[in-house]
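A.B. asks: Below is the structure I would like to discuss, written out as structure tokens.
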Amino acid sequence: MKFFVDTADLKEIRDLAQTGLLDGVTTNPSLIAKSGGKILDVIAEICSVVDGPVSAEVAATDFETMLKEGRRLAKIAPNVAVKVPLTVDGLKTCKALSGEGTMVNVTLCFSPSQAILAAKAGATFISPFVGRLDDLSQNGMSLIADIVQIYRQYDSIKTEVLVASIRHPIHLVESAKMGAHVATLPPNVIRQLYNHPLTDKGLDAFLKDWAGTGQSILGQ
Ligand code: G3P
């Protein structure tokens, strides 16, 4: 399973890239606004740090302008994945850009039927938002199960399921059990994945016992 980080914060991206576990980055207009930078500069900097796909979202809503914006974003670096919303014009843009060899991430997916359309439009990634469905008392994870099951029925579908709007580690674990290809995680959730109190407790005990031996591995 691939791990993307869902942020436009360069400091966070640099830190996480150093772990060697980061496969890509997703951004959206809200995250770019939060970064305080200009989208073209921010995406170029992220692409210089991360080799994997870096999602950059168009801001227009009509096909012609979305296509122009998508082409502009794609020119930044070969690893840019243009992000388009799941609308009629967004899917037309997806079809056009993927036909030009550009990676496309179709975002704001909330139903299996939308995911089928995105696959037909040649999306590289489909982004179903699990947390925002949970917020409405709907089951975000069952949407992932449905999309994974549907895509598996067709060898011709190459679209990867990119689980988005992840709020906690269980969303990631459930996605992995279902075989989703990618999870995009906020930085705080990535950090939570490492933690277990028994790991800390066990390590403390090992270190205490080791100190009692007076040994040094490198000193022998
Ligand atoms: O980038 C899309 C998605 O991950 C947003 O998550 O937490 O704003 O619902 P959230």
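A.B. asks: I need the full set of residues from the range 182-220 which are farther than 25 Å from G24 by Cα, in a loop (DSSP other than H, G, I, E, B) and within 41 Å of the chain's Cα centre (by Cα), in order please.
C.D. replies: Answer for the range 182-220, where residues must be farther than 25 Å from G24 by Cα, in a loop (DSSP other than H, G, I, E, B) and within 41 Å of the chain's Cα centre (by Cα): H196, I217, L218.
A.B. asks: In the range 128-141, which residue that is within 14 Å of H171 (Cα to Cα) and small (G, A, S) is farthest from the ligand (Cβ to nearest atom)?
C.D. replies: Across the range 128-141, the extreme among qualifying residues is G140.
A.B. asks: So which of L22, L40, L10 ends up being within 16 Å of the ligand (Cβ to nearest atom) and either of a type outside the set (A, V, I, L, M, F, W, C) or at pLDDT 95 or above (or both)?
C.D. replies: L22
A.B. asks: If you don't mind, there's one more thing I want to ask. Among the residues of the range 62-80, are any touching a helix residue (DSSP H, G or I) at 6+ places or on another chain (Cβ under 7 Å), within 13 Å of the ligand (Cβ to nearest atom), in contact (Cβ under 8 Å) with a residue 12 or more places away in the chain and not hydroxyl-bearing (S, T, Y)?
C.D. replies: No: the range 62-80 contains no residue that is touching a helix residue (DSSP H, G or I) at 6+ places or on another chain (Cβ under 7 Å), within 13 Å of the ligand (Cβ to nearest atom), in contact (Cβ under 8 Å) with a residue 12 or more places away in the chain and not hydroxyl-bearing (S, T, Y).
A.B. asks: Now a separate question. Would you pick out the residues in the range 142-159 that are within 21 Å of D23 (Cβ to Cβ) and within 15 Å of the ligand (Cβ to nearest atom)?
C.D. replies: I144, the sole residue that qualifies.
A.B. asks: Does A8 meet the test of being assigned to a strand (DSSP E or B), buried (at least 17 other Cβ atoms within 10 Å of the Cβ) and within 14 Å of the chain's Cα centre (by Cα)?
C.D. replies: No, not satisfied.
A.B. asks: Could you please tell me which pairs satisfy a Cβ distance under 7 Å, a separation of 6+ or placement on different chains, a first residue in the range 35-60 that is in contact (Cβ under 8 Å) with a residue 40 or more places away in the chain, and a second residue that is among the hydroxyl-bearing types (S, T, Y) and in a loop (DSSP other than H, G, I, E, B)?
C.D. replies: Every condition considered, the pairs that remain are S55/T27; E57/T27.
A.B. asks: Mind counting the residues in the range 23-75 that are charged (D, E, K, R), under 21 Å from T87 (Cα atoms) and under 20 Å from the mean Cα position of the chain (by Cα)?
C.D. replies: 1
A.B. asks: Hey, among V5, V54, V50, which residue is in contact with a Leu (Cβ under 7 Å, 6 or more places away or on another chain), closer than 21 Å to I126 by Cα and within 14 Å of the ligand (Cβ to nearest atom)?
C.D. replies: V5
The values are calculated or read from the model by the stated rules, or taken from the named source; none is laboratory data. What you see is a predicted model; the values in this text were computed from it and never measured. Every residue, glycine among them, receives a Cβ derived from its backbone with ideal geometry; neighbour counts consider all protein chains shown.
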